[in-house]
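Accompanying notes for the structure given below.
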Amino acid sequence: MPESSLDIFPPKVKDICSSSIECRPSPLRQSSQSSLPLHRNYMLSTFCTEKNVQECLSHISQEVSSLGLPPVWMESGGSSEMNVVAVLNCIYDLIQLHRRGLRTLENMEVEQLKSSSNLDYLQLTSTQLKEQLELSKRENTGLLERERQLQLKVKSLQNCLKNEKEEVQKLQNIIASRASQYNHEMKRKEREFNKLRERLNQLLVDKKEKKQAIDVLNNIGRADGKRSLWKTEKTEAKHEGEMYKTLLSDYDIRQRELLLENAELKKVLQQMKKDMVSILSSKKPTLKDDQHQDDDIQADLEEEVFDSSKESVELYCVHAREKLTNSIRLQWRRLKSHVERLDNQASLAQIGRSKNTDAVSRETHEEEMDRLKLEIQQCKDFIQTQHQLLQQQLSSPYDEEKASLLSDCYMLQEKERFRDEWKTLEEQRKIFERERRNFTEAAIRLSHERKAFEDDRATWLKHQFLNLSPFADSNKPQMSKSKSAFLISKTEASAASAPEKLIKRPSDTTSPTPRCVPLTSPSTAELYPTLCLVPENRSTKPKRLTEHVEESSNFLNGNVPAQHKHWNDREDHSSHTLTKEKTSSI
Amino acid sequence: MNFSEVFKQSNQLCKVSPDGKYLATCVQYRLVVRDVSTLQILQLYTCLDQISHMDWSSDSLFILCAMYKRGLVQVWSLEQPDWHCKIDEGSIGLVSSRWSPDGRHILNTTEFHLRVTVWSLCTKAVSYIKYPKACQKGIDFSRDGCYMALAERRDCKDYVSVFVCDDWHLLRHFETETQDLAGLEWSPNGCVLAVWDSCLEYKVLLYSLDGRLLSTYSAYEWSLGVKSVTWSPSSQFLAIGSYDEKVRILNHITWKKIAQFEHIATINNTKAVVYKEVEKRPAVGSDDLSLHNITIGTTLFNTQSKYEICPPPVQVPVVKPDPDRANPKIGVSTLAFSSDSRYLATKNDNMASVVWVWDMQKMSLLAVLEQTSAVRCFQWDPRRPRLALCTGNTKLYLWSPAGCVSVQVPTEGGFQVQSLNWHCCGETLILLGKDQLCLCDDEKIGGNTPLQILNFTC
């Protein structure tokens, strides 16, 4: 089958050759491509036959060598055997060449497409530009036309303006001439009018039939009662004199007013000067920097201060006035410069301050920050070292676990200790409680016994009294008996209060919690039956007993946590009431 | 405020004697003299024709009645009722007649201003002054009665003649630098004469009594100029009102402008108080509009009015003058200083319903009184800073620095106040209607009159 494979391949080689050749003349490529398949088919059928193998071989080797590839067929060995390796290599090279050719072809095609599209685009743009050119040309001609028209307009307007100006000039001339004519006419008319008036006047004066006339019944005297004077030069002079007199008086008045005003103003000036002097002299010591400048001023000031006293004397002297104004002017200038200087200083200071405050604040901020940072660092270091030291200390005798254990141990120990103490205290409390109960019981018992004893005594006294007198009362000896019994009870109660106090303190300190409630409640419960346990004496003293019961019941219903105290208070109170009752009864 | 009954008068001829004791009124051809306090008729004189002008002599002894149509002047004496004097100007005519300050001479200006005839009642002597100028104010007497200034026109030039009124001696005669002199006025102290040109040129000239030109003032050129000039009673200021709607104040030392008051239609000045008169028509039922009521008239058409203070800015009604007509209704035509020279009241002609009051100490606008109708007349109280004005309706308006008040004139027959005059004592006002007059006695203004009440409401 190598034959067949060979058969297939040569056209390809040919193809490659053709393409590689045809690569250069690009316009021909299209036709060669189109002819390629035909060519191939044709070649398959006609190029190599059984007969012309040798020729084909030589042809191909020639072709191959022309392509710069190693020859496929070597005749040196004498054998006409084909070198398969060389052929295969050649084929491979040819394929490679072919592929490369195809790739270049593709590239070329793409490029061609690109360039063709480019060309199209360029053509389009060129047509557009041509159109634009056309348009702008048309526009240009339009504009030129307009410009020409405008220029024409301008020219016409200029002409108009010139005409108008001429017109204005003409009109002005006309107006001027008319005005002058009018004035002239006016004058002429006025003259004429005057002439007419004159003539009329003359005519009227000359006219006889209706003359001006005054018809007075009798002449009246002058308002001032004087007679009218003849017109003489003397009167003329007098009139002149009077006129000037009035004028003079008017001027006099005005002068006086002005004088007053001037005096006022001068006063103000003097005051101002004084103030200025004082201000300038006071600022003197404060401003050291321009001492040299102020030295001569100081001298002047002193001189002026000295002068001012004199000036009041020669106030109206021109010289003095000049001096005053000059000095004021001078001082004013100084004051002005001083104020300006102050202003400048103030502004400078302000600027400086504003700058400084900013800068300083920032600086201080930074400084402070640095300082604080440093401090923090130091503190941190401190803590670190402390930690380290602590750890060292802890780790040196035991390790950490041990330490924790130890601390736990300590805690436990402490707890246990506290618990023990608590227990002992509790026990003590219980003992105290018991003792107190015993005491109360004893007291109750004692009171019962006393009552019994009193009863006994009463009966005894009754008997005795009955024995002594036939109408004796039983109350009196009973009273005396009860009194004595009460006395005893009082002492007993006081005695009982002493241990109570002892009890009270631990109970308060140890158990303010409701835990103690069950402890105390049975005690009261016990107290109740104990009270009830003596029924034999109830008949003798029922009132007091019920009172006691009531109290206790109240006590039961009361606040439980505060029971202890209540109880104690109650005890005290009851004892107190007892004593009170006793005293009242006595 | 007390109002007297209404009296008849004609031509608004009604004057109080300079001494303030008598009131002279003209009714057609009769002259009635009344006592001001009792209004009893003291004298009744009958003239030869309808009186067109009437004036008291300075000593209140004589009354002059001029009948211009007839060219006649009749003088009556109050002391001697049967004394009479008749001056006939003859065919030369008469346009103006006035007393000389001494009250013994009468100056008659003849028709066409041919001359001024000076008649002496003492000697029957007559003297003539030729070439008087026909102008706005061509003749003025100084306040002390010593001098008379007269504007003259000779050879198309303006002159001023100063006469001594005592014997009509010509003291000074000088040419003025005016195109067409329009008026002259003595300063109240009689030492300066202000002369102003016609409205075609803004020019004010100040002459000393001896004829020296003290100063010339011109604010602008070309447009219409001076419309009115007034001296302050202190002779300190000269107020010039002009067609540009401004008042300029000159001082008496340098004769330069020291202030300028503009009459602007929109008042933005927050320091000025703007009083606006507001009318309230009393509610009238349709039944009341019967013929009977209309004939009775007065109460129906009388409207209540009061002043309201408007906060600035205030727009003042302005009437645009017709530019084609001569003497356009624009510019400051009326100026009046209060008796203490403290206030200046002005009226701008194109804001006819507004009176402006300026403070001369602060040189600023103090108050604006906007009336519902055009202001006819205003006059300062001769004693106090108090301004009375009327607008041709049935009300009298008073302004004082304390406030502003409108008073209804309580008379029958619709008395419409056309003009008013203060009595020289400043306590009585004479209100003049079309052919009636009424005295308004406001003695109680110091007491409990509305003006006082307004002080509290303002």
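Failed condition for B:Leu250, given (1) under 18 Å from A:Glu257 (Cβ atoms); (2) touching a His at 6+ places or on another chain (Cβ under 7 Å), with all others met?
(2) is the only condition that B:Leu250 fails.
Return the residues of the range B:76-124 that are out of contact with any strand residue (DSSP E or B) (no Cβ under 7 Å at 6 or more places or on another chain), more than 7 Å from every other protein chain (Cβ to nearest Cβ) and within 23 Å of A:Leu200 (Cβ to Cβ); say none if nothing qualifies.
B:Gly93, B:Glu111
Do you know which residues across the range B:129-139 are facing chain A (nearest Cβ under 9 Å) and not in a loop (DSSP other than H, G, I, E, B)?
Hit for the range B:129-139 is B:Lys130, nothing else.
I need the full set of residues from the range B:33-73 which are without any contact (Cβ under 8 Å) to a residue 40 or more places away in the chain, surrounded by 19 or more Cβ atoms within 10 Å (Cβ to Cβ) and hydroxyl-bearing (Ser, Thr, Tyr), in order please.
Within the range B:33-73, B:Tyr45, B:Tyr68 qualify.
Out of curiosity, is A:Ser281 surrounded by 12 or more Cβ atoms within 10 Å (Cβ to Cβ), more than 14 Å from chain B (Cβ to nearest Cβ), at pLDDT below 90 and more than 30 Å from B:Cys146 (Cα to Cα)?
yes
Quick check: anything in the range B:407-415 at pLDDT below 90, closer than 21 Å to B:Val273 by Cα and in a strand (DSSP E or B)?
Yes.
If you go through the range B:155-190 one residue at a time, how many are outside any strand (DSSP E or B), within 26 Å of A:Thr232 (Cβ to Cβ) and not acidic (Asp, Glu)?
The number of residues fulfilling the criteria is 3.
Scan the range A:155-211 residue by residue and report those that are under 28 Å from B:Leu200 (Cα atoms) and either in contact (Cβ under 8 Å) with a residue 60 or more places away in the chain or among the hydroxyl-bearing types (Ser, Thr, Tyr) (or both).
Passing the criteria: A:Ser177, A:Ser180, A:Tyr182.
Take the range B:161-192 and flag every residue that is more than 10 Å from chain A (Cβ to nearest Cβ) and touching a Lys or Arg at 6+ places or on another chain (Cβ under 8 Å).
Result: B:Ser161, B:Glu175, B:Glu177, B:Thr178, B:Leu181, B:Ala182, B:Gly183, B:Leu184, B:Glu185, B:Trp186, B:Pro188.
Out of A:Leu196, A:Leu204, I need the residue that is within 14 Å of chain B (Cβ to nearest Cβ), in contact with a helix residue (DSSP H, G or I) (Cβ under 7 Å, 6 or more places away or on another chain) and either closer than 30 Å to B:Cys156 by Cα or surrounded by fewer than 10 Cβ atoms within 10 Å (Cβ to Cβ) (or both). Which one?
On inspection, the qualifying residue turns out to be A:Leu204.
Report every pair of residues separated by at least 6 positions or lying on different chains whose Cβ atoms are under 7 Å apart, first residue within the range B:201-216 and more than 19 Å from B:Pro188 (Cβ to Cβ) and more than 14 Å from chain A (Cβ to nearest Cβ), second aromatic (Phe, Trp, Tyr) and in a strand (DSSP E or B).
B:Lys203/B:Trp196; B:Leu213/B:Tyr207
Looking at B:Trp99, B:Trp76, can you tell me which residue is crowded, with 19+ Cβ neighbours inside 10 Å, aromatic (Phe, Trp, Tyr) and out of contact with any Asp or Glu (no Cβ under 8 Å at 6 or more places or on another chain)?
Step by step, each of B:Trp99, B:Trp76 is checked, and only B:Trp76 is crowded, with 19+ Cβ neighbours inside 10 Å, aromatic (Phe, Trp, Tyr) and out of contact with any Asp or Glu (no Cβ under 8 Å at 6 or more places or on another chain).
Going through the range A:91-113 one residue at a time, which ones are in contact (Cβ under 8 Å) with a residue 40 or more places away in the chain and under 26 Å from A:Leu57 (Cα atoms)?
Those that are in contact (Cβ under 8 Å) with a residue 40 or more places away in the chain and under 26 Å from A:Leu57 (Cα atoms): A:Ile91, A:Leu94, A:Ile95, A:Leu97, A:His98, A:Gly101, A:Leu102.
Residues in the range B:119-134: is at least one of a type in the set (S, T, N, Q), within 27 Å of B:Thr230 (Cβ to Cβ) and surrounded by 20 or more Cβ atoms within 10 Å (Cβ to Cβ)?
No: the range B:119-134 contains no residue that is of a type in the set (S, T, N, Q), within 27 Å of B:Thr230 (Cβ to Cβ) and surrounded by 20 or more Cβ atoms within 10 Å (Cβ to Cβ).
Output the residues belonging to the range B:217-230 that are within 19 Å of B:Thr346 (Cα to Cα) and either within 14 Å of another protein chain (Cβ to nearest Cβ) or in a loop (DSSP other than H, G, I, E, B) (or both).
Scanning the range B:217-230 gives B:Ala219, B:Leu224, B:Gly225.
Quick test for you: out of B:Asp49, B:Asp82, B:Asp55, pick the one residue that is among the acidic types (Asp, Glu), in a loop (DSSP other than H, G, I, E, B), modelled with pLDDT of 90 or more and under 27 Å from B:Lys8 (Cβ atoms).
None of the others qualify; the one that does is B:Asp49.
B:Gly90 versus (1) free of Cβ contacts under 8 Å to residues at least 40 places away in the same chain; (2) within 27 Å of the chain's Cα centre (by Cα); (3) within 25 Å of B:Cys122 (Cβ to Cβ): which is the lone unmet condition?
(2)
With respect to B:Ser142, determine if the residue is more than 8 Å from chain A (Cβ to nearest Cβ), surrounded by fewer than 17 Cβ atoms within 10 Å (Cβ to Cβ) and either hydroxyl-bearing (Ser, Thr, Tyr) or within 18 Å of B:Ser58 (Cα to Cα) (or both).
It is false that B:Ser142 is more than 8 Å from chain A (Cβ to nearest Cβ), surrounded by fewer than 17 Cβ atoms within 10 Å (Cβ to Cβ) and either hydroxyl-bearing (Ser, Thr, Tyr) or within 18 Å of B:Ser58 (Cα to Cα) (or both).
Conditions first: (1) assigned to a helix (DSSP H, G or I); (2) at the interface with chain B (Cβ under 10 Å from one of its Cβ atoms). A:Ser177 passes all but one, so which condition is the exception?
(2)
Results for (1) within 8 Å of chain B (Cβ to nearest Cβ); (2) modelled with pLDDT of 80 or more; (3) outside any helix (DSSP H, G or I), shown as yes or no for each residue.
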{"residue": "A:Glu192", "(1), (2), (3)": "no, yes, no"}
{"residue": "A:Leu200", "(1), (2), (3)": "yes, yes, no"}
{"residue": "A:Ala223", "(1), (2), (3)": "yes, no, yes"}
{"residue": "A:Arg227", "(1), (2), (3)": "no, no, yes"}
{"residue": "A:Lys231", "(1), (2), (3)": "yes, no, yes"}
{"residue": "A:Met243", "(1), (2), (3)": "yes, yes, no"}
{"residue": "A:Leu248", "(1), (2), (3)": "no, yes, no"}
{"residue": "A:Lys267", "(1), (2), (3)": "no, yes, no"}
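With the checklist (1) assigned to a loop (DSSP other than H, G, I, E, B); (2) crowded, with 21+ Cβ neighbours inside 10 Å in hand, flag the one item B:Thr372 doesn't pass.
(2)
With touching a helix residue (DSSP H, G or I) at 6+ places or on another chain (Cβ under 7 Å) and either acidic (Asp, Glu) or at pLDDT 75 or above (or both) as the only criterion, which of B:Lys271, B:Lys276, B:Lys256, B:Lys329 stands out?
B:Lys329
Does the range B:143-150 contain at least one residue that is within 23 Å of A:Leu196 (Cβ to Cβ) and either touching a Pro at 6+ places or on another chain (Cβ under 7 Å) or modelled with pLDDT of 95 or more (or both)?
yes
The values are calculated or read from the model by the stated rules, or taken from the named source; none is laboratory data. Bear in mind the structure is a predicted one, so any value in this text is a computation, not a measurement. Please note: Cβ atoms are built from the backbone with ideal geometry, for glycine as well, and neighbour counts cover all protein chains shown.
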